[in-house]
């Protein structure tokens, strides 16, 4: 048996194979959680980083696109979404690196390409017809308003041309034009929910207005004592927490590995499971 240095973390062949296979598919936190299920002594985050460096695995390695891949991207950018493009490019197996929607978006920006509104609508309609790549659709229309809480401060936002903007800034620009450089819109009564134009004022961002800006960006004690405002902030926080939980990956995808048994059957198994034995079991059935 080889003589290892004291307290040295030992990685067996199965663990190294798992790291190499799933390095580009999982985050470091997910890698650590799953590889520790194969170990008697759990590894630390730093030990995982050291082992990945020894294996020459780097997250930010550049993807070298082939001319065939670039041509496919340019020809299909108007009819396919980023996730579908990534799936198709991975199926070509022309590069070792796994494509994802983020790498596709970076390449689109690098090439100076841009989808029009009609292209985006066509992609969404195509996905609906094929019942593939479902996504969360923001149904808010232009002109709709909502209350958002940031750093414990609730304020009104309005949907304008497909984007959410602060209602106070939008109203000021509607009355007086675009904000000058290094300027901000403040509330005279320190109530960020009172967006009446008579309650708005323009302040310069500088040393002279520093004290005033610190005041207007903080909810006053008298306003916080209002029970209605406290309940409103609490409702907004609960809604944001609910949306954050909904965006988290489902348990099977986060903790297990997908194994394809046949073209029509896929199952999820725990890391370290003998996949050959499982495939043989289904084959006999």
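The values are calculated or read from the model by the stated rules, or taken from the named source; none is laboratory data. Keep in mind the model is a prediction, meaning the values are calculated, not measured. Every residue, glycine among them, receives a Cβ derived from its backbone with ideal geometry; neighbour counts consider all protein chains shown.
Check the stretch 38-52 and report whether any residue there is under 17 Å from residue 258 (Cβ atoms), assigned to a helix (DSSP H, G or I) and not assigned by TED's automatic domain parsing to the domain that holds residue 100. Within the stretch 38-52 (the criterion being under 17 Å from residue 258 (Cβ atoms), assigned to a helix (DSSP H, G or I) and not assigned by TED's automatic domain parsing to the domain that holds residue 100), the answer is no, since none of the residues qualifies. Annotation: residue 196 fulfils all but one of (1) at pLDDT 80 or above; (2) surrounded by 12 or more Cβ atoms within 10 Å (Cβ to Cβ); (3) in contact with a strand residue (DSSP E or B) (Cβ under 8 Å, 6 or more places away or on another chain); the unmet one is (3). When restricted to residues that are surrounded by 14 or more Cβ atoms within 10 Å (Cβ to Cβ) and touching a residue at least 12 places away in the same chain (Cβ under 8 Å), the stretch 7-48 contains 20.
Okay, residues lined up against (1) touching a helix residue (DSSP H, G or I) at 6+ places or on another chain (Cβ under 9 Å); (2) at positive phi; (3) in a loop (DSSP other than H, G, I, E, B); (4) at pLDDT 85 or above:
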{"position": "2", "(1), (2), (3), (4)": "no, no, yes, no"}
{"position": "11", "(1), (2), (3), (4)": "yes, no, yes, yes"}
{"position": "15", "(1), (2), (3), (4)": "yes, no, no, yes"}
{"position": "19", "(1), (2), (3), (4)": "yes, no, no, yes"}
{"position": "26", "(1), (2), (3), (4)": "yes, no, yes, no"}
{"position": "34", "(1), (2), (3), (4)": "yes, no, no, yes"}
{"position": "57", "(1), (2), (3), (4)": "yes, no, yes, no"}
{"position": "64", "(1), (2), (3), (4)": "no, no, yes, no"}
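Scanning the stretch 156-188 for residues that are within 27 Å of residue 239 (Cα to Cα), in contact with a helix residue (DSSP H, G or I) (Cβ under 7 Å, 6 or more places away or on another chain) and not in a helix (DSSP H, G or I) returns 156, 157, 158, 160, 185, 186, 187. For the stretch 73-112, a residue qualifies if it is in contact (Cβ under 8 Å) with a residue 40 or more places away in the chain, farther than 22 Å from residue 129 by Cβ and part of a loop (DSSP other than H, G, I, E, B), and the qualifying residues are 97, 98, 111. Of the residues making up the stretch 77-93, those that are loosely packed, with under 14 Cβ neighbours inside 10 Å and in contact with a helix residue (DSSP H, G or I) (Cβ under 9 Å, 6 or more places away or on another chain) are 79, 92. Scan the stretch 129-144 and tell me whether some residue there is loosely packed, with under 13 Cβ neighbours inside 10 Å, outside the structural domain of residue 81 (by TED's automatic domain parsing), over 30 Å from residue 78 (Cα atoms) and at pLDDT below 85. No, every residue in the stretch 129-144 fails to be loosely packed, with under 13 Cβ neighbours inside 10 Å, outside the structural domain of residue 81 (by TED's automatic domain parsing), over 30 Å from residue 78 (Cα atoms) and at pLDDT below 85. Looking at residue 212, is it surrounded by 10 or more Cβ atoms within 10 Å (Cβ to Cβ), modelled with pLDDT under 85 and not in a helix (DSSP H, G or I)? Criteria not met by residue 212. For the stretch 264-285, check the following and say yes or no: at least one residue is exposed (fewer than 10 other Cβ atoms within 10 Å of the Cβ), at pLDDT below 75 and touching a strand residue (DSSP E or B) at 6+ places or on another chain (Cβ under 9 Å). The answer is yes, given that some residue of the stretch 264-285 is exposed (fewer than 10 other Cβ atoms within 10 Å of the Cβ), at pLDDT below 75 and touching a strand residue (DSSP E or B) at 6+ places or on another chain (Cβ under 9 Å). Flag set for residue 100, criterion: surrounded by 14 or more Cβ atoms within 10 Å (Cβ to Cβ) and within 18 Å of the chain's Cα centre (by Cα).
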